[in-house]
Amino acid sequence: MLTTSAAAQISKLRRPSIRKSFIALVLLACSPAVFAQGGPPLLTTDPGTPGPQNLEINLGVMPILRSDVKLVQLPQIDINYGVGDRIQLTYEVPFVWQTATGVPNATAWGNALAGVKWRFLDHGEAGLNISVFPQVEFRGTRAAVGKGIADDGNRLLLPVELSRKFGPVHVNLEGGYYFRLNAPASHNERFFGLALSHNFTPKLEVIGEVFNDMVMGAPPKDTTFDAGARYTFHPSFILLFMAGRSFSPNSSGQPEFLAYAGVQILLDKSGRALHHEK
């Protein structure tokens with residue numbers, strides 16, 4: 001999943017036809033051998049973990065554009081380390097470049113996030129898998145808060161991830177809630193994501209997603225959709241791409257465009273060796 005600041009900015013900044021989007025997801029679900037997976041480039045996270053002493057590093061660029069405000073996370077850094085078969089340690093942080101009408105450009109590091117994922121139910125690739133992924137979002141620096149790029153306060157994120165294969169399609173669900181710790185100016189927030197994926201070839205995985213994010217007691221309340229792909233050009237290097245937008249029309253002030261482009265680097269033995277086929 002993207003950092004909390006990224007999701008919040010998508011919501012704050014968050015029509016092509018809903019019917020067309022639904023049809024696209026149905027066609028994806030009807031495609032034949034699939035390997036579902038959340039996480040970059042998607043907003044929805046899956047129960048998967050890197051494996052014992054393995055590193056997964058996602059380096060990406062994420063633009064979020066609307067009529068009056070444009071921001072780009074460059075880079076967006078997401079580092080995951082496997083502890084045993086079912087536990088993952090995570091650290092995420094974006095560097096944000098932001099422009100707004102009549103305001104000077106601003107750059108700063110956004111809110112960092114760290115957490116532990118535990119897949120407590122594991123029935124294999126085709127079976128039901130469930131994980132919990134508690135995380136803490138840390139307050140931003142004074143400069144980042146002053147520029148409106150980061151939030152001033154800590155928050156606790158408590159999500160649950162599920163995945164299962166249904167015939168030719170692999171489905172991934174995630175729901176979570178952000179609780180304020182010492183951020184009196186912020187609101188609690190909840191989100192829900194649904195992702196589908198299909199491997200058209202051993203190297204090409206096509207993915208689609210619907211993601212809903214709601215800040216409790218205040219705007220925004222948004223739902224976005226996106227589609228993308230993962231392409232494995234080496235066991236250690238996977239290209240990531242996603243593009244989408246809000247279901248709402250441009251006049252609502254929601255994102256006219258959001259995307260992700262990057263690379264996933266897989267390393268074995270705590271980063272001492274390139275990932276290899278298993």
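The values are calculated or read from the model by the stated rules, or taken from the named source; none is laboratory data. Everything quoted here is computed from the prediction, not taken from an experiment. Don't worry about glycine lacking a Cβ; one is built from the backbone with ideal geometry, like all the others, and counts go over all protein chains shown.
Quick notes
- Taking each residue of region 186-202 that is under 30 Å from GLY148 (Cα atoms) and part of a strand (DSSP E or B) and looking for partners that are charged (D, E, K, R) and at pLDDT 95 or above with beta-carbon atoms closer than 6 Å, six or more apart or interchain, yields GLY193/GLU174.
- Test result for ARG142, among the basic types (Lys, Arg) and modelled with pLDDT under 95: yes
- First in region 214-241 and over 18 Å from VAL61 (Cβ atoms), second anywhere and in a strand (DSSP E or B) and modelled with pLDDT of 95 or more, Cβ under 6 Å, 6 or more apart: PHE225/VAL210; PHE225/GLY244; THR232/ILE238; SER236/LEU266
- Every condition in (1) assigned to a loop (DSSP other than H, G, I, E, B); (2) at pLDDT below 95 holds for GLN98 except the one numbered (1).
- Selection count, region 36-85, where residues are touching a strand residue (DSSP E or B) at 6+ places or on another chain (Cβ under 7 Å), charged (D, E, K, R) and under 21 Å from PHE247 (Cα atoms): 2
- Residue within region 120-133 that is closer than 21 Å to PRO255 by Cα and either surrounded by 19 or more Cβ atoms within 10 Å (Cβ to Cβ) or of a type in the set (S, T, N, Q) (or both) present: no
- Scan of region 121-141 for residues that are part of a loop (DSSP other than H, G, I, E, B) and closer than 16 Å to PRO94 by Cα, ordered by number: PHE138, ARG139, GLY140, THR141
- Scanning region 60-74 for residues that are surrounded by fewer than 17 Cβ atoms within 10 Å (Cβ to Cβ) and either at pLDDT 95 or above or not in a strand (DSSP E or B) (or both) yields VAL61, SER67, ASP68.
- Among the residues of region 90-106, those that are touching a Lys or Arg at 6+ places or on another chain (Cβ under 8 Å) and not small (Gly, Ala, Ser) comprise THR90, GLN98, THR99.
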